[in-house]
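The next block holds one structure in the form of structure tokens; read it before the comments.
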Amino acid sequence: MTRTLATSRRVLQQLSHDPRSVAMIVVLPSLLLWMFKYVFDGSPAVFNRVGPQMLGIFPFIVMFLVTSVTMVRERTSGTLERLLTTPLRRGELILGYGLAFGTAALVQSLVTSTVAIWLLDMDVNTPWAIVLFAVTDAVLGTALGLLMSAFAVTEFQAVQFMPLVVIPQLLLCGLLVPRDSMPEVLRRLSDVLPLSYAADAFTELGSTSNFTSTLSKDLVILIGCCVLALAGASLTLRRRTP
């Protein structure tokens with residue numbers, strides 16, 4: 001655990017010294033929400049209906065990009081190779097990165113939720129549940145970014161994984177049309193995509209003030225996907241890029 005925390009602390013120090021990454025993590029999702037709010041300035045009901053889903057989707061996308069690119073950069077620069085010559089195990093390394101980016105995701109989600117609910121007047125019944133799912137969604141983006149970084153040779157390739165991993169989930173999560181109205185093949189495919197459960201949860205949170213059993217199920221599935229993605233990242237981690 002000491003080695004894991006040391007890794008996490010090192011990554012957080014690196015992030016804090018990179019103003020562009022800090023701005024992308026902390027400022028960008030709030031800026032996108034602000035733009036989304038005023039795109040539908042004449043239809044506040046649209047923002048209150050779709051805004052909670054954006055509160056989960058924007059951090060998911062940003063954390064996926066930042067994490068995957070950062071991990072590829074660490075590998076191509078030789079940092080991972082040097083770290084893995086120490087007693088640090090692969091699982092400890094991935095967990096350390098997960099904790100660091102998870103902390104960044106927590107800060108990001110708290111800032112974004114605060115801006116959305118108290119500055120942009122997003123109408124939600126249970127702010128704490130919105131924050132909880134926003135954090136979980138951002139951590140999911142981090143976990144998937146760590147997993148997919150193992151298959152990228154360059155930082156540009158890491159960015160190219162976004163159309164493969166993120167865009168299909170955006171199309172099938174129920175953001176554009178309800179999942180129940182999709183063709184059966186697409187609906188079944190959406191059932192195995194984690195972002196579908198995040199979108200379902202945000203949709204339900206927009207209409208209920210109780211933390212229902214359905215929300216509990218969605219939360220458990222999302223956490224399980226995070227754990228599986230981190231485990232997969234640990235198993236596929238390479239010392240360096242060929």
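The values are calculated or read from the model by the stated rules, or taken from the named source; none is laboratory data. Computed from a predicted structure; not experimentally measured. For neighbour counting, all protein chains shown are included, and Cβ atoms are generated from backbone atoms with ideal geometry for every residue, glycine included. Areas reflect the complete protein model, heavy atoms only, side chains present, ligands, DNA and RNA absent. Shrake-Rupley method; radii C 1.70, N 1.55, O 1.52, S 1.80 Å.
In table form, for the structure just shown:
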item: Of Leu31, Met71, Ile61, farthest towards positive along the dipole that unit charges on Lys, Arg, Asp, Glu beta carbons give region 1-137; result: Met71
item: Loop sites in region 167-214: chymotrypsin sites (Phe, Trp or Tyr not before Pro), DSSP, at most 16 other Cβ within 10 Å; result: Phe211
item: Surface accessible to a 1.4 Å probe, per residue, for the residues of the chain, Å²; result: 47
item: Rg over Rh, two decimals, region 86-197 (C-alpha only, Kirkwood Rh); result: 1.03
item: Over region 5-62, relative contact order from alpha-carbon pairs under 8 Å, at least 6 apart, %; result: 33
item: Karplus 3J(HN,Hα) series, Hz, for region 114-125 with 6.51 cos²θ - 1.76 cosθ + 1.60 (x for Gly, Pro); result: 4, 4, 5, 7, 9, 9, 9, 6, 5, 8, 10, 8
item: Rounded tilt (10° steps) of 155-165 against the dominant C-alpha axis of the chain; result: 40
item: Cα long-axis angle, helix 44-76 against the chain (0 to 90 degrees, to the nearest 10); result: 10
item: Anisotropy class of region 1-66 from Cα gyration tensor, a/c 1.5 cut; result: prolate
item: Cα shape, region 136-216, gyration tensor, a/c 1.5 rule; result: oblate
item: Dipole magnitude of region 136-237 about its Cα centre (Cβ charges: Lys, Arg +1; Asp, Glu -1), debye to nearest 20; result: 120
item: Candidates Val72, Val115, Val46: whichever shows maximal mean-square fluctuation once the chain is modelled as a Gaussian network with Cα springs under 10 Å; result: Val46
item: The chain: proportion of alpha-carbon pairs further apart than 24 angstrom, %; result: 45
item: Accessible carbon and sulfur surface of the chain relative to its total accessible area, %, 1.4 Å; result: 66
item: Over region 1-132 - Rg/Rh using Cα atoms and the Kirkwood inverse-distance radius; result: 1.08
item: Ranked by how many other beta carbons lie within 10 Å on average, peptides 131-137, 183-189 from highest; result: 131-137, 183-189
item: Relative contact order (percent, whole number), the chain, Cα cutoff 8 Å, 6+ residue spacing; result: 29
item: C-alpha long axis of helix 194-205 to longest principal axis of the chain, angle in °; result: 40
item: Assigned charges on the beta-carbon of Lys, Arg, Asp, Glu; region 58-124 dipole about Cα centre (debye); result: 420
